[in-house]
Structures are given as structure tokens and as C-alpha cells.
1. Taking the Cβ of each residue in E236, E375 as the centre, tally the other Cβ atoms inside 10 Å and list the residues starting with the fewest.
2. Mind checking which lysines have their C-alpha under 21 Å from K52, skipping anything on the same chain fewer than 8 residues away?
3. Under 5 Å between amide H atoms, partner at least 5 residues away or on a different chain: which partners does H136 have, H built in plane at 1.01 Å?
4. Per the Kirkwood treatment, what hydrodynamic radius in Å, one decimal, follows for segment 361-463 from the mean inverse distance over all distinct Cα pairs?
5. Give me the compactness ratio for segment 114-197, meaning the Cα radius of gyration over 2.2 N^0.38 Å.
6. Counting other beta carbons within 10 Å of each residue's own, what order do I328, I390 fall into, fewest first?
7. Show me, bin by bin at 10 Å from 0, the whole-percent P(r) of the chain based on Cα pairs.
8. Two decimals is fine: what's Rg over Rh for segment 47-152, C-alpha atoms, Kirkwood radius as Rh?
Amino acid sequence: MPATPYDALIIGSGQAGNPLAYALAEAGRRVALIESAHLGGSCVNYGCAPTKMLLASAQRAHLVRTAGELGIRAPEPVVDFAAIVARKDRLTQDSRNGIEQSLTTEHPNIRLVRGRARFTAPNTLHVDLHDKKAGHEQLTAPLIFINTGTRAAVPLIAGLEASGYLTNDTLLLGLTELPEHLLILGGSYIGVEFGQMFRRLGSRVTIIETSATLMDREDTDVSRPLQELLQAEGVELVLEAEARHVSRNEADVLTLTVDTPGGERRLRGTHLLVATGRVPNTDALDLQLAGIPTDEDGYVQVDDDLRTPAKGVYALGDVKGGPQFTHISYDDYRIVRDQLLHGRPRNYHERPVPYVVFTEPQLGRIGLSKDQAREKGVPFRVSRLPASTIGRAVETGRTEGFVEVLVGDDDRLLGAAVLCEQGGEIMTMFQLAMTGGLRYQQLENLVVAHPTWAEVLNNAFQKLGRGQ
């Protein structure tokens, strides 16, 4: 079968693939975008958006449940999980429909191809089409972009497959009943967000983690306060635990056997969520036929311009490894767009990597942590301000957490960790200051409207001392 020629082929309708298709099409290029599952990638379907939809319901329930702290008497909220899921599904489908309309009707230079792609040569793809009558098709182009993302990593644990388990993908795409007791294997960012969310929706929750603390990539004095907040809400933590066996009995009770420093424990629940990391969707792409190498974990190897060693082939988003965030995938698109269409090359290693853990309170992070600064030998001073000293926090009853900033010898910001209400928004203000190269004294003397969360810019540096 002769290959159908295009100017560009994009594998994956994710947060880099879709906007890149639009940009190339608007520049007059003929584009084929191949998608094997749902349009929108992980963010729209089983990542950011549906998670935050469920989180909104959980947080609303928590507000009702704790209204008495502000003098408002309210009955215990009734959680209608079916209605929560229906809202999430409706909004998710609206997003998919909007993407499909844009791809198929608003951009005539784009052809949406539903099927699974694999390489047969450096610039040629074989696509097994979802339309069985059509069979398959060969496509070729001088530019090919891999945007296939990742999927949940599933550890090798005896009995796991036979007993049944959830990942964030399958939970967000198919869970219709509220777990009575949710066991979460993995205490990093996904595990922590889902743990608090389902606890607030009414489930018993147990998080099992191999490390001595949750979110062990963070400084201990950053992760531990959030850990304590989760425990105060009734989330059970089993730390320094290695999962050894999973079973499910005739009464549909699941048992997870773990080894801990105190000996063997058998944890029983109704559902098990596996949140132990991600693996790239590269195993079915036949990358070797195009001369595209991967690292030992299967991530596509790219240079500073996001190019693979195969001429004309790029990798964008999570599939190339590194920080796995929607905003990073979108910036990958901008890097490639500016190279190809505007002649403005930019090294992707030079960009900042902000992120937010959407617990309540949120944890917003930008720049260096204390541990990272020490490892790099970067001199720093640090100031840590309890959220209880922020006027807006006291007035709204949101006094949990802290604001921590790192300052270099030149008085410019090196990083920030913000665990408090609006932590992500406050962190972004520090990121703006870092981007502008502002010295901390300029923030201290900034006239900020009162009473706002932004007033923390004035006060965050008042305990500035030499980092150890």
C-alpha cells in the first residue's frame, strides 16, 4: 500500500500534540493527527481536569462539614458519588467534543486519524485504524512528532492481577461506586491528592509508602506538615512498607500484605489504587525501525531542541521523560513551534518547572529546594513564615501551613515552597519575581492591597537567615 504524504504527522492528541497541529495547520502545513484512545490526552481524560473536578466536590463537602468552625451550623453532607461522577463525565466529554470539533471542522488542514500508529521507517507510520472496514493505512511526512504520553506503572506483586486493582487512569475513567475503604499503594503526589479527596468524600483511606515520609522528593520539613494534616483528617499512613502479596476473598474483601520495620501487616480494604509511578507509551511504536533510541525505562531520548536522532522526528510531553506536567507538555509545543515556524530556538532545560500538589492546603513549588541547593553547593538564606501570621489566613480560618522562600547571595529568589491556602497562586507570584530578577527587598516594599493573600510578598522575608 503506498503511503499517503503529509507535511507533518503527530502521534497523540495530548497537550503538546493538539496545539502543535493547530499551529502547523494555520501555517499552511497539511497535518495528520493520530489518536488511539480519547482526544485530549491524560490531562483531559485521566489526569488534571477530572481529578480537579472530583477534588472540587470533596472540598465542597469538607467546607460544609467544617462550617461550624465559622459559626455556621449545617447537617452532615450527603455525598452522591454517582452525581459527582456524572458531573465529571459530562465535563470531560464536553472537553473531548470541543477538541474534536476544533480538529475536524475548524482547521481544514488537519486530518484526525483514529487508530494506533507504529513506525515502519524513519518517516513512515503504519496505522491500524479503529474502523475495521478500512483496515490500516500508511502515512509519511518529513516531520513526525511523538506525543504518546505515559500510563500507570504496575509493580510486580504476587496476586495483584488476579485480585483486581485501580490506577488513576481506570479510576477516573470507570469508577462508579465510592470505595468503602481505599488502599493506596504509593505516597507520592497522586497518592496524596487521591487520599485526601476520597477521605473527604467519605471513604476510609490507607496510604502505603516505601519511604519514611510521603512525597520523599520534597524537603522533609515540607512534606511532613502535609503528612500530619492528612493524618489529622483521618488518613491512615503505613510507611516504610514493602507490598508483598494481594488477595481477594469470596466476600470481595481485598487483603494487601506488606512488610514493615515492625513486621508483617495485613491491610484489608474494598479497593486498591496503585499509584507507584508512570511508564512511557513507547513499547508498541517500533521505534527501533526508525532509529529512535530510548533510555532504560523506555523514554524517548531527545536533544535540547526535543529532536530524536532520527531526522525530522521529535518527542514532546511526558514520553520524553523529565518532569511530567501538563504545563511542561504545552511548553514543549511552544519550543517546537518557535523553532520550526518562527526561527526562535530555546533550550528546554533552561525553563523553570513550577508545580502544585492540589491537596488542601495546596503545596506550590518553584525553583530550588533546600536539599537541592545544598547538593548543588548554592549558598542560600531561608525564611519560613507560618501561614497563621498571614492576615487573610486568620480572617478566613485557613491558618494551616507555611510559606518558605530561598534567597541567594545577590538577594534574588532561588526558590519557594508554599504550603497554605492558595499555595499555587502564591507560588506563581514568587515565580514572576524570579523571572523578573527582582530582589527580595523590592517585594518587601511593594504596596499590596490589604487584606489579600498577596501581602505575604511583604512579609515572607522577615525571618531571613543563613541556610545550613
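Read-outs: derived from the displayed coordinates by stated rules, not from any lab. Values in this document were obtained by computation on a predicted structure and should not be read as measured data. Glycine gets a Cβ as well: all are built from the backbone with ideal geometry, and neighbour counts include every protein chain shown.
1. Working: E236 16, E375 10.
Final ranking by Cβ density, sparse to dense: E375, E236.
2. Straight-distance partners of K52: K88.
3. For H136, whose amide H was placed from the backbone, the distant partners under 5 Å are L129.
4. On the way: mean 1/r = 0.0743 Å⁻¹.
Its Kirkwood hydrodynamic radius stands at 13.5 Å.
5. Details: Rg = 18.9 Å, N = 84, 2.2 N^0.38 = 11.8 Å.
Against the compact-globule rule of thumb, the ratio is 1.59.
6. Details: I328 21, I390 27.
Listing I328, I390 from fewest to most nearby Cβ atoms yields I328, I390.
7. The calculated distribution, bin by bin, is 4, 18, 25, 26, 19, 7, 1, 0.
8. 1.22
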